[in-house]
1. Taking the condition modelled with pLDDT under 90, closer than 22 Å to ARG188 by Cα and within 19 Å of the chain's Cα centre (by Cα), does LEU99 pass?
2. Identify the single condition in (1) within 25 Å of the chain's Cα centre (by Cα); (2) not in a helix (DSSP H, G or I); (3) not small (Gly, Ala, Ser) that ARG285 does not satisfy, given that it satisfies every other one.
3. Please find, within the stretch 209-230, the residue that is farthest from LEU153 (Cα to Cα) out of those that are more than 16 Å from the chain's Cα centre (by Cα) and of a type outside the set (Asp, Glu).
4. Would you call ILE138 over 12 Å from LEU6 (Cβ atoms), among the aliphatic types (A, V, I, L, M), at pLDDT 90 or above and assigned to a helix (DSSP H, G or I)?
5. Among VAL289, VAL268, VAL273, which is the only one that is among the aliphatic types (A, V, I, L, M), crowded, with 20+ Cβ neighbours inside 10 Å and farther than 20 Å from GLY171 by Cα?
6. Can you name the condition, by its number, that LYS48 falls short on among (1) part of a helix (DSSP H, G or I); (2) under 25 Å from VAL173 (Cβ atoms); (3) modelled with pLDDT under 95; (4) of a type in the set (Lys, Arg)?
7. Going residue by residue through the stretch 204-211, is there one that turns out to be in contact with a strand residue (DSSP E or B) (Cβ under 7 Å, 6 or more places away or on another chain), in contact (Cβ under 8 Å) with a residue 40 or more places away in the chain and of a type outside the set (Val, Ile, Thr)?
8. If I filter the stretch 173-180 for residues that are assigned to a helix (DSSP H, G or I) and either in contact (Cβ under 8 Å) with a residue 40 or more places away in the chain or within 15 Å of LEU126 (Cα to Cα) (or both), do I get at least one hit?
Amino acid sequence: MTLLNLASDGLPNILVTLTATLHRARRPLTRADLLARIAPAGVVDEEKMARQTLNRWLELGLFEEVDESIRLAQPLELATNDEAALLVAVRSAARRCALSDVNNPDLWAHREAKAADLTRSLAWLLAQDIYRFTFSDIERLEGNQIADADSRLMRNDTRQNGLKYWGHFLGFVRQPGGGDVDPTTAIRESLARCVASGEGMPATDFIRNLADELPVLDGGRWRLAVEDRLERQALPVLAEGQLSTALSRALIQFIMEGLLIFENRADVGRSIVLTGRDGMRPDYRFSWVRLSEQTRRKSA
């Protein structure tokens, strides 16, 4: 069981269709009913892929089968039923499911890996210097950074393509076929669970909340587990409080948008500092963060 083999384990677009169909269903759907709705026999040539996608996410627990009916294990979290909101809700549910403890019992498993191959690949990807990383160089980079050959995943196009497409869908890569590593979408969709309302919170607490919500980011449990396997000099050493280029890229974007307000307060001891293309950005050192007034009004 894996997620990086698209041909045998399903596709993101089919997952969205399955989830949306179950969310909108007015009555319980059997497996046959569900598959017939999204991949009718003789109409589309996706029946096998639909079945494989359904089976994989049943095993991961996004769906459940009760009394011969398929349903969502948890209702989607969305305020409106428009297409954009539905896509965000499906992506958020899939992301939490894939990165959960239950689906990563052994991050380095070779068999019955559940979501571990995707999770550890995302954690490794987000640890890179994103301004110098390219997917075309991914196999060489992983080989240089992970001495144990059995722990490497990017040794064939199958897994690389799986990482590109699932990484994009889950909000960590800009384009579905690769492109820039950028967790802005995943972080944006997680902010409501990570930033205190009102006056805000210490920036270090915010980063810790992000790591709990998205454990492939800086300080997250899956990120730390992957970093522990890397060669000692694999990546530049970050100073205390310094964030990775990937996480920094998202936060700089939020600053430019006016989504988050970062400040310095004399009564807050610890701080964070962002990293840009050329290294640490002392002008982006902060101890406090809050949602902008505009963002709070939209969230209300």
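The values are calculated or read from the model by the stated rules, or taken from the named source; none is laboratory data. All figures in this text were calculated on a predicted structure; none of them were measured in a lab. Note that each Cβ is placed from the backbone with ideal geometry, even for glycine, and that neighbours are counted across all protein chains shown.
1. no
2. (1)
3. So the residue we want is ALA225.
4. Yes, satisfied.
5. Answer to the check: VAL289.
6. That leaves (2) as the condition not met.
7. yes
8. no
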